[in-house]
Each structure stands twice: as C-alpha cells, then as structure tokens.
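Supplied in structure tokens, the structure appears directly below.
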Amino acid sequence: MTDHDPLDDEPLDGDIGPAAGAAPSADARQERVRAEAARQAEELRRYERERELRRRRTNALAGRVTAVLVALLLAFLAYDSVTTALEARERNDPWIYPPAVIAALCLAGLAALAVWAVRRSR
C-alpha cells in the first residue's frame, strides 16, 4: 500500500480556496470582464452605425419617390389647368383667373422642385 492518506486531500480549517497560482487573480478576471464589456460596447456601436446607415438610405429613397410623385402631380395639375384655360378661352369664359393662375402656380412649383433636385444632386 501507499503512505498516501485520502484525508490529506481535504481542505484544512481556515483554507479559503486554492493556492494563489492555481486560480486567476481578481485583476485578471476584472480585465477579462472589462475586455468583454468593451467588445460588446463596440459591437453595439457597430450595430447602431449600420442601423443609421440603413435608415439614411431608406429616407433618401423615400425622399426621391416623394419628389417624383409631387412632380407628377404638379405636371398633371398644370396640364389639366392649361387645358381648362384653353377650353374656357374658346368659349369666351373667364380663363385667366382660375385656370391660368392655377397652371402658373403648378408650373412655378414644378420649376422650384426641379431647381431643388438639381441643387441636391450636386
């Protein structure tokens, strides 16, 4: 038999844990926790940047679609008002005030939208 007694493996009274070299120190654990927290924070910042980029792209696309729809609406209203003004003039009805003024306002709005779009593209 061996001289090794199994009772020698149990901790003695007053032992508070493994020897200092056996387990990582508190500083090493705190450093690992800090490194993990920094990694998670960086990942969250990266996700936030990606989300902001997607939001900006979506807003830009929505703005372009809206500008095109507004341009189409103004073009239709101008066409309709010009047609109405020409028909009213042929019938000798008042053609300047309601239809021609509306057509002029729609064309001015369309021109302003075109200038805005050209400036934005630069």
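When the accessible area of segment 58-119 is computed with all protein chains present and a 1.4 Å probe, what percentage of it is carbon and sulfur? Let's see the in-between values first.
Working: 3350 of 4600 Å².
Reported share for carbon and sulfur atoms: 73 percent.
Moving on to the next point. Got a number for the accessible area of D27? Probe 1.4 Å, square angstrom, nearest 10.
Roll a 1.4 Å probe over it and D27 shows about 110 Å².
Once amide H atoms are placed 1.01 Å from N in the peptide plane, what residues at a sequence separation of 5 or more from W95, or on another chain, have their amide H within under 5 Å of its amide H?
Here the answer is none, since no amide H 5 or more places off falls under 5 Å of that of W95.
Give me a comma-separated list of calculated 3J(HN,Hα) values for segment 95-106, in order, Karplus coefficients 6.51, -1.76, 1.60 applied at θ = phi - 60°, integers in Hz, x for any Gly or Pro.
Result, ordered by residue: 10, 6, 5, x, x, 5, 5, 5, 4, 5, 4, 5 Hz.
Please list 3J(HN,Hα) in residue order for segment 43-60, calculated via the Karplus relation 6.51 cos²θ - 1.76 cosθ + 1.60 where θ = phi - 60°; whole Hz, with x for glycine and proline.
Once rounded to whole Hz, the list reads 5, 5, 5, 5, 4, 5, 4, 5, 5, 5, 5, 4, 5, 5, 5, 5, 5, 5.
Using a 1.4 angstrom probe on the protein heavy atoms only, line up E31, E50 by accessible area, largest first.
Result, largest first: E31, E50.
The values are calculated or read from the model by the stated rules, or taken from the named source; none is laboratory data. The structure presented is a predicted model; accordingly, all values stated were derived computationally and were not measured. Protein only, heavy atoms only, side chains kept; ligands, DNA and RNA dropped before computing areas. Shrake-Rupley method; radii C 1.70, N 1.55, O 1.52, S 1.80 Å.
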